[in-house]
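The values are calculated or read from the model by the stated rules, or taken from the named source; none is laboratory data. Since this is a predicted model, take the numbers as computed values, not measurements. Virtual Cβ from ideal backbone geometry, glycine too; neighbours counted across all protein chains shown. Keep in mind that these areas ignore ligands, DNA and RNA; they rest on the heavy atoms of the full protein, side chains included. Shrake-Rupley method; radii C 1.70, N 1.55, O 1.52, S 1.80 Å.
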Amino acid sequence: VQLVESGGGLVQAGGSLRLSCAASGVRFSMYAMMWYRQAPGKQRELVASITSGKNTNYADSVKGRFTISRDNAKNTVYLQMNSLKPEDTAVYYCNVGSAYYSDAWGQGTQVTVSS
């Protein structure tokens with residue numbers, strides 16, 4: 001499986017970004033997809049998930065600000081991030097929701113939120 005994240009950047013607090021993750025080598029529509037993030041000196045944390053049936057779940061820290069979605073025709077999962085805060089600064093990664101693919105990570109995309 002190959003995962004390619006994009007869409008990160010530098011944004012001021014209160015701004016928005018839309019991340020994308022294109023997946024290949026996997027039957028994308030069959031699996032849940034997740035977005036994780038890792039800030040400097042911190043462990044990687046789960047931010048949002050979406051099932052194959054498009055049910056979603058969010059970390060409390062992003063609930064109401066972030067929206068995860070997927071386009072199975074494009075094998076792509078998205079993370080719309082609004083009302084960004086400096087504490088959202090991290091490298092963001094997507095991952096396939098399967099133990100079989102649990103070690104498959106992309107290069108990530110850097111999100112930096114300035115105060």
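Looking across region 83-92 at every residue that is in a strand (DSSP E or B) and open to solvent by less than 10 Å² (accessible area, probe 1.4 Å), the one that is farthest from THR109 (Cα to Cα) is identified as ALA90. Scanning region 33-54 for residues that are closer than 22 Å to TYR100 by Cα, without any contact (Cβ under 8 Å) to a residue 40 or more places away in the chain and open to solvent by 30 Å² or more (accessible area, probe 1.4 Å) returns GLN43, GLU45, LEU46, SER52, GLY53, LYS54. Only one of the numbered conditions (1) touching a residue at least 24 places away in the same chain (Cβ under 8 Å); (2) surrounded by fewer than 16 Cβ atoms within 10 Å (Cβ to Cβ) is violated by GLY64, and that is (1). Filtered by the rule that a residue be over 12 Å from the mean Cα position of the chain (by Cα), within 20 Å of GLN107 (Cβ to Cβ) and aliphatic (A, V, I, L, M), region 38-82 gives a lone residue, ALA39.
Conditions (1) in contact with a Pro (Cβ under 6 Å, 6 or more places away or on another chain); (2) of a type outside the set (Lys, Arg); (3) farther than 16 Å from ARG44 by Cβ; (4) free of Cβ contacts under 8 Å to residues at least 12 places away in the same chain, marked per residue:
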site: ASN75; (1), (2), (3), (4): no, yes, yes, no
site: MET81; (1), (2), (3), (4): no, yes, yes, no
site: LEU84; (1), (2), (3), (4): no, yes, yes, no
site: GLU87; (1), (2), (3), (4): no, yes, no, no
site: CYS94; (1), (2), (3), (4): no, yes, no, no
site: ALA99; (1), (2), (3), (4): no, yes, yes, yes
site: ASP103; (1), (2), (3), (4): no, yes, no, yes
site: GLY106; (1), (2), (3), (4): no, yes, no, no
site: THR109; (1), (2), (3), (4): no, yes, no, no
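Remark: ASN57 falls outside the filter, which requires a residue to be open to solvent by less than 70 Å² (accessible area, probe 1.4 Å) and touching a strand residue (DSSP E or B) at 6+ places or on another chain (Cβ under 8 Å). Quick check on region 45-52. Is at least one of its residues farther than 15 Å from PRO86 by Cβ, in a loop (DSSP other than H, G, I, E, B) and out of contact with any Leu (no Cβ under 7 Å at 6 or more places or on another chain)? Looking for residues that are farther than 15 Å from PRO86 by Cβ, in a loop (DSSP other than H, G, I, E, B) and out of contact with any Leu (no Cβ under 7 Å at 6 or more places or on another chain), one finds at least one in region 45-52, hence yes. Looking across region 1-16, the residues that are at pLDDT 95 or above, over 12 Å from THR89 (Cα atoms) and open to solvent by 30 Å² or more (accessible area, probe 1.4 Å) come down to GLN2, VAL4, SER6, GLY7, GLY14, SER16.
ASP88 - would you say it is of a type in the set (Asp, Glu), under 24 Å from ALA32 (Cβ atoms) and modelled with pLDDT under 95? For ASP88, the condition - of a type in the set (Asp, Glu), under 24 Å from ALA32 (Cβ atoms) and modelled with pLDDT under 95 - is not met. Just one of the numbered conditions (1) at pLDDT 95 or above; (2) open to solvent by less than 30 Å² (accessible area, probe 1.4 Å); (3) among the aliphatic types (A, V, I, L, M) is not true of MET30: (2).
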